[in-house]
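The values are calculated or read from the model by the stated rules, or taken from the named source; none is laboratory data. The structure presented is a predicted model; accordingly, all values stated were derived computationally and were not measured. Here the Cβ positions follow ideal geometry from the backbone for every residue, glycine too, while neighbour counts run over all protein chains shown.
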Amino acid sequence: MSRDARPSSAESAPERPVLELRGATLAHGDRVLWHGLDLRMQPGEFIAVLGGNGSGKSSLLKTIIGQQALTAGSVMVAGKPVGGAARGSRAVGYVPQRISLDPAAALRVRDLVRLGVDGHRLGPGIFMARRTRRRVDELLDEVGATALADAPVSQLSGGEMQRVRIAEALAAEPELLLCDEPLAALDLGQSQRIVTLIDEYRRSHGTAVLFVTHDINAVLGIADRVLYLASGRFRLGPPEEVLASTTLTDLYGAPIDVFRTQGRVIIVAAADPGADRHDPHAGHDHEPATEAG
Amino acid sequence: MSWRDVIDFSDYGALVALLHNSIIAGAVLGLVGGLVGVFVMMRDLSFAVHGTSELSFAGAALALLLGVDVVIGSVIGSLAAALIFGALGIKARDRSSIIGVLMPFGLGLGVLFLSLYKGRGANKFGLLTGQIVSVDDPGLAWLTGVSVVVLLALAIVWRPLLFATVDPEIAAARGVPVRALAPIFMIVLGLTVAMSVKIIGALLVLALLVTPAAAAMRVTVSMLWVPVLSVIFAVTSMVGGIMLALGGRLPISPYITTISFAIYLVCRLIGRARTRRGWTARGARVEPPRGARETHPAALRVGSGPQHL
C-alpha cells in the first residue's frame, strides 16, 4: 500500500491546492481548445467540466495525468509539476471514459481492484497478500460492490463495472479524482448512485473531484463550481453564475437561453431554431452554437 | 507402421536415463512457457508468437547453413522479430498486418537456407517440428540460464505488466510505464520462443505459449490460479509428451500438441458447465461470458493460419 505521508483531507493546508493550472493553453495546430486557463482546486472540491464534443474536456484530464502536453502554461498536481518525465501520479485517481475492459482479461473483480492497490509495484506480489486483500475488501465495501468480489470482470453490467473502476481509482487514496464521463453508458438510476457514491466519498475523504460530463443535471446541487469550455474559451464559477443566459451567450458569442425548471437546467441555442435542445437524456451531446474554430 | 512406432515402452528405464536432459528441458520450458503464455493471451499476442517463431526458425536455419550454433541463430531471429513487432506495432491492428507480412518472409528465408544446407536431413526437419535427442549438457545449461533470466524479468515486472495489460489507462495515470513495458515483454517473449524452437519446433510453439494459458482461463479467472494452472498444463504437456515420445519413432511434437489439446478440450467442457451454473454466489447470468477467444479476429487468423501443418 502506498499510504504516503500526505495531509489527509480536512486539515490539509489551504495554501497548497490539489490541482493548480496556470495560464494553461491547449491547441491542436491552429485550433485552440482553451487558453489562459487558471484553476486552483482545494481538497474536497467538486468541479463539473462541461462543453460540447471536441471542446477539450477529456484533453484537460489527459494533460493533468501527463498523457498530453500543454501548448503553454503549467499544471501542478499536489504541489508537483506535471510534464516531462513526470507522467502519471499516485496522487491522482482516474476513471476513464471507456467502461469495458478487454473481454480476454481473465480476472476477478477482486484482482482488478487489487491492481489499483499495488499494481504499480515491482515484484510478483506474493508477500503482504493478506494486508492487500483486506484493503481490497475495504474498497469494494466502500463502493458497495462486495457481492461482486469473485465475479469475473467480463460478466459485469455497465453500472457494476463503473463502481469497480471507481474502487480501483480510489485504491491509492488519491487527493484528486478525475472522472471522464463516468455516466456515459449508464441509465438514470445508475448515474445517480454513482454520483452519490463519489459525492459521499469526497466529503468523507476530502478528495477533490474533477468531473467531466455532458449532463449537468446529473451533478447539479453537488458541483461546487462549473468549468464550461466552448469556442476556445472558458467560464469558471459557481453553477448559478456560469449556467446563465448572459454568461453562455457571451461565451459562445451567440444567443443562448438557459431555463431552469423542476430543479433541472436546460440550455437552448436561441438564435438557431434548428439547433438541438440541450436534453441530457437524449443520448447525444449538445452544442448550442456552431463549433468554435 | 505399427503401434510400436507410436508408443513403445520396452527398455524404457534405459531411455529415460539416457534422455533425462530432454525431460528436464521440457519441464523448464513448460514452467517458462506457462507463465509467459498468460500474458500472451491477455495481450492478445498469439499471432505475434507465431510470427516470432517463424523468424526464429529463419535465424536457426541460417545458423545451420553457416555452421554456427543453431541456438544463437534462433535467439537472434526471435529477438529481431520481437523488437520489430514491439517497435512498429503499438496498435493491435498495425501489429497484425506487420506480422502477417514478415512471417511468410521469415518462413521463406528459412526454407531457402535449409535447401542450401547440405548436412543431415533430420536437422532440417527438427527445426520445424522439434527434436528430442538434441539436448546435451551445454544445451541444457544454456536453456536453464536463459530461463532464469526470463523468470527473473517476469517476476520483477509481473504486477505492473498485468496492470498495464488489463487496464492501460488507469495504469498510465498512476505512473506505470505502460509504453516501456511492451518492448520488455516482447524481449521476454522472444527469448522464450527461441528456447522453444529447438525443442518443440517453430511450427508448434503455440502449443506451449497459447494452449495451456487458454485452457487455464477457461476454468478460472483468478489472478493466482490462471498462471498456476497454465504452468501445470504446460509442464504436463511437455514432460508427458517427451515421456511418450521416448519409445516411439515419431517426432516429439504430436505428443505434446495432443496432450495440450486434450487438456484444453477438458477445460472448455468444465468451463461451460461452470458458466451454466454461474461463477459466483450471485448466480448464473443469462448471457454466457463473451467468447472473445473464439470470435477475436486475431484468434481466427491463428486458428486458420498454420496451413502448413
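Look at A:Ala169 and say whether it is within 14 Å of chain B (Cβ to nearest Cβ) and surrounded by 22 or more Cβ atoms within 10 Å (Cβ to Cβ). So A:Ala169 fits the description; yes. Please determine, by comparing only the residues of the range A:114-138 that are assigned to a helix (DSSP H, G or I) and touching an Asp or Glu at 6+ places or on another chain (Cβ under 8 Å), which one is farthest from the other protein chains (Cβ to nearest Cβ). Result: A:Thr132. The residues on offer are A:Val209, A:Val219, and the sole one that is under 12 Å from A:Gly44 (Cβ atoms), touching a residue at least 60 places away in the same chain (Cβ under 8 Å) and β-branched (Val, Ile, Thr) is A:Val209. Checking each residue in the range B:167-181 for being of a type in the set (Gly, Ala, Ser) and either over 16 Å from B:Ala87 (Cβ atoms) or within 7 Å of chain A (Cβ to nearest Cβ) (or both) picks out B:Ala171, B:Ala172, B:Ala173, B:Gly175.
Cβ-Cβ contacts under 9 Å between residues 6 or more apart (or on different chains), taken from a first residue in the range A:16-29 that is polar (S, T, N, Q) to a second residue that is loosely packed, with under 15 Cβ neighbours inside 10 Å and in a strand (DSSP E or B), are listed as A:Thr25/A:Gly36; A:Thr25/A:Ala72.
Would the range A:198-205 turn up any residue that is within 25 Å of A:Asn53 (Cα to Cα) and either modelled with pLDDT under 85 or part of a loop (DSSP other than H, G, I, E, B) (or both)? No, there is no match, as no residue in the range A:198-205 is within 25 Å of A:Asn53 (Cα to Cα) and either modelled with pLDDT under 85 or part of a loop (DSSP other than H, G, I, E, B) (or both). Within the range A:85-113, the residues that satisfy the criterion of being modelled with pLDDT under 70, over 30 Å from B:Gly271 (Cα atoms) and at the interface with another protein chain (Cβ under 8 Å from one of its Cβ atoms) are A:Arg87, A:Gly88. For the range B:40-66, filtering for residues that are within 14 Å of chain A (Cβ to nearest Cβ) and among the hydroxyl-bearing types (Ser, Thr, Tyr) leaves 1.
Residues of the range B:47-55 include none that is small (Gly, Ala, Ser), under 17 Å from B:Ala202 (Cα atoms) and surrounded by fewer than 18 Cβ atoms within 10 Å (Cβ to Cβ).
Matching residues to (1) in contact (Cβ under 8 Å) with a residue 60 or more places away in the chain; (2) under 17 Å from A:Thr207 (Cβ atoms); (3) in contact with a Gly (Cβ under 6 Å, 6 or more places away or on another chain):
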| site | (1), (2), (3) |
| --- | --- |
| A:Leu33 | yes, no, yes |
| A:Leu37 | yes, no, no |
| A:Arg40 | no, yes, no |
| A:Glu45 | yes, yes, no |
| A:Val49 | yes, yes, no |
| A:Gly52 | yes, no, no |
| A:Thr63 | no, no, no |
| A:Gln67 | no, no, no |
| A:Gly73 | no, no, yes |
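When B:Leu224, B:Leu151, B:Leu203 are checked against the criterion of being modelled with pLDDT of 85 or more, in contact with a helix residue (DSSP H, G or I) (Cβ under 8 Å, 6 or more places away or on another chain) and not acidic (Asp, Glu), a single residue qualifies: B:Leu151. Mind checking which residues of the range A:35-59 are of a type in the set (A, V, I, L, M, F, W, C) and either under 19 Å from A:Ile222 (Cβ atoms) or assigned to a loop (DSSP other than H, G, I, E, B) (or both)? Passing the criteria: A:Leu39, A:Met41, A:Phe46, A:Ile47, A:Ala48, A:Val49, A:Leu50.
So, in the range B:24-56, how many residues would count as being of a type in the set (D, E, K, R), modelled with pLDDT under 90 and more than 20 Å from B:Thr220 (Cβ to Cβ)? So the answer is 0.
Being among the small types (Gly, Ala, Ser) and touching a helix residue (DSSP H, G or I) at 6+ places or on another chain (Cβ under 8 Å) is the filter; apply it to the range B:174-200 and report the residue that is modelled with the highest pLDDT.
Ranking the qualifying residues of the range B:174-200, first place goes to B:Gly190.
Note on the range B:237-255: residues that are within 21 Å of B:Ala17 (Cβ to Cβ) and at pLDDT 85 or above amount to 8. Of B:Ala213, B:Ala207, all but one fail to be within 13 Å of chain A (Cβ to nearest Cβ), within 12 Å of the chain's Cα centre (by Cα) and in a helix (DSSP H, G or I); the exception is B:Ala213.
Residues that are assigned to a loop (DSSP other than H, G, I, E, B), touching a strand residue (DSSP E or B) at 6+ places or on another chain (Cβ under 9 Å) and buried (at least 20 other Cβ atoms within 10 Å of the Cβ) within the range B:152-196 comprise just one, B:Arg174.
Residues in the range A:218-234 that are crowded, with 19+ Cβ neighbours inside 10 Å and part of a strand (DSSP E or B): A:Val226, A:Leu227, A:Tyr228, A:Leu229, A:Ala230, A:Arg233, A:Phe234. Is it fair to say A:Val32 is in contact with a Ser or Thr (Cβ under 9 Å, 6 or more places away or on another chain), modelled with pLDDT of 85 or more and surrounded by 20 or more Cβ atoms within 10 Å (Cβ to Cβ)? Against the criterion (in contact with a Ser or Thr (Cβ under 9 Å, 6 or more places away or on another chain), modelled with pLDDT of 85 or more and surrounded by 20 or more Cβ atoms within 10 Å (Cβ to Cβ)), A:Val32 does not qualify.
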